[in-house]
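Comments concern the structure below.
The values are calculated or read from the model by the stated rules, or taken from the named source; none is laboratory data. This is a predicted model, so every value here is computed, not measured. Cβ placement follows ideal geometry from the backbone for every residue including glycine, while neighbour counts extend to all protein chains displayed.
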Amino acid sequence: MSTTDLDLDQLSSSERTALETYTTVTGQELTDAIPLLRRSQWNVQIAIAKFFDGEAPDPVEEARAALPQSPPQSNRQTRNLMTEDLTEQLSLNPVARASDPAPRVTTQAEDQPVYRPPFIIALLFTPFNLVYRLLYNSFRLFGTLFPFLPRLFNATANPALQGTRRNTTGRRTLGPKDTAARFIREFEEEYGSHPIPFLENGYNMALEKAQRDLKFLLVVLLSPEHDDTNEWVQDTLLAPEVLEYINDDQNNLLVWGGNVQDSEAYQVANSLRVTKFPFAAVVVHTPSVSSTAMSVVSRIAGFTPPAEFTNKLRTAISSNQGPLERIRSSRAEQQASRSLREQQDSAYERSLAIDRERARQRREAEAARQREEQEAADRQAAEEKRERDLAQWKQWRAQTLPVEPGTDVKDAVRISVRLPSGERIMRRFAADAEIEELYAVVECYEELQAGRLSEVSKPEEFTHQYGFRLVSPMPRAVYGVEDGGTIRDKIGRGGNLLVEPIEADEDENEVEEEETVT
């Protein structure tokens, strides 16, 4: 029994309900979902938030794990204030972490309308707006002179206020996708055509794409009001060596850019604790933290030469390439296993379909054989019944034939009929005898010769048809029984006739001709 099966057997009904709800929303594997739900105390909302926003390390567990293993660290630190960001000194953590979580941000919905106050109200509040902008620009001036002040304000401000910003630039608030398209358009208008493949979607979608495709995400945040922005973009970001490295498919690098004058990029800057522009960060999926965590593995703040910028990108990517390669290999193995399983299932289905087709053909062949046997038996039975009815009809017709007229009857008709066997029938008929009587004499010749004239009744449900016709050889004339009439009228006072058997094909053709004429 696997670990997953054992855990599922040990879960309560409420825990199974929470697991089902969590996997329905996130689509995460059970091997990763169960430990995450346990760490979240089986709270589905907390677990979903950890899945999408990344699960931060547990300080209690880290301290507990570090006690027996980590050697005592020296409190003495050496920092170069000329090259290091001052905000690192004001960080709440005494020891800088190798990577910080890259949380998602709350953006405006695509279909959310932009509220614009009425013109009269806007006119009345114009003095207050001017005072606010004056104070706001003054604070931004101090923030530019002393970069640690915004970071300190964000660290001490109410968390509910962080990530919100009043739009004072006059830029229209758009959805994430439209904001990204506007950034790309403005970037091209400002710096011309470029080969940087900026993602034309929101920041959250960029994170999800980087996590799903196991690629690195280069986040570029620009402030048009910063003095170094234009120089950094032209000399560093658009440098040939940087462009070559970014566009190299082997580096698996996605690029997302934003203007901090837009709400989404401003929230991203706050979530990444950016205090110095221009800013770039490398975000990557870190499976060592959790199965869904996205972490910032490199920060490049301020003006950076192209060589240094490329080296930082190369270092961040090379140092975090191993875990991604293992995940890619694992996914490739899973995909290969899934493909093999699908091929096996397909082959099994084809084999099963072939077996089903063969079984169907055998059933149809057996049914056809039984049907043919039944038809043959029915034909044989019908033929035997026809022969019995024909023999009975011959006996009945032979006993109903009138007596042959004597020689004293002057107007009698004398007919000679030659049979196919060579025998010849010589018989006298009354002048008013029908032509059918002549046919009946020929049909019942064997019964008349043998004297088998017993009292029998006419067979029921039997229609007799003569299988021959009487013809006169010279000149040829056919005397059909279906034509009717008396023997005297048709043949005369005497005649020599021949018996011609009617073939089955010929009979069918005559029936078809009769139907056509009808």
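Quick notes on this structure:
- In region 308-343, the residue that is surrounded by the most Cβ atoms within 10 Å (Cβ to Cβ) out of those that are among the acidic types (D, E) and more than 14 Å from N252 (Cα to Cα) is E308.
- Considering region 256-302, the residues that are closer than 20 Å to A181 by Cβ and among the β-branched types (V, I, T) include one that is farthest from the chain's Cα centre (by Cα), namely V260.
- Subset tally (residues that are touching a helix residue (DSSP H, G or I) at 6+ places or on another chain (Cβ under 7 Å) and either aliphatic (A, V, I, L, M) or outside the structural domain of A269 (by TED's automatic domain parsing) (or both)) for region 183-204: 2
- In the set (1) within 24 Å of P501 (Cα to Cα); (2) exposed (fewer than 10 other Cβ atoms within 10 Å of the Cβ), R427 fails one condition alone, (2).
- Of everything listed in (1) surrounded by 14 or more Cβ atoms within 10 Å (Cβ to Cβ); (2) more than 21 Å from F468 (Cβ to Cβ), the single unmet condition for I435 is (2).
- For region 15-55, a tally of residues being in contact (Cβ under 8 Å) with a residue 24 or more places away in the chain and among the hydroxyl-bearing types (S, T, Y) returns 3.
- Looking across region 259-276, the residues that are hydroxyl-bearing (S, T, Y) and farther than 9 Å from V105 by Cα come down to S263, Y266, T275.
- Residues within region 266-301 that are assigned to a loop (DSSP other than H, G, I, E, B) and of a type outside the set (G, A, S), tallied: 11
- Restricting attention to region 205-238, the residues that are surrounded by 18 or more Cβ atoms within 10 Å (Cβ to Cβ), assigned to a helix (DSSP H, G or I) and in contact with a helix residue (DSSP H, G or I) (Cβ under 7 Å, 6 or more places away or on another chain) total 2.
- Selected residue (only one of E383, E375 is outside the structural domain of R493 (by TED's automatic domain parsing) and more than 60 Å from the chain's Cα centre (by Cα)): E383
- Qualifying residue in region 268-276 (condition: aliphatic (A, V, I, L, M), closer than 29 Å to A47 by Cβ and in contact with a Gly (Cβ under 7 Å, 6 or more places away or on another chain)): yes
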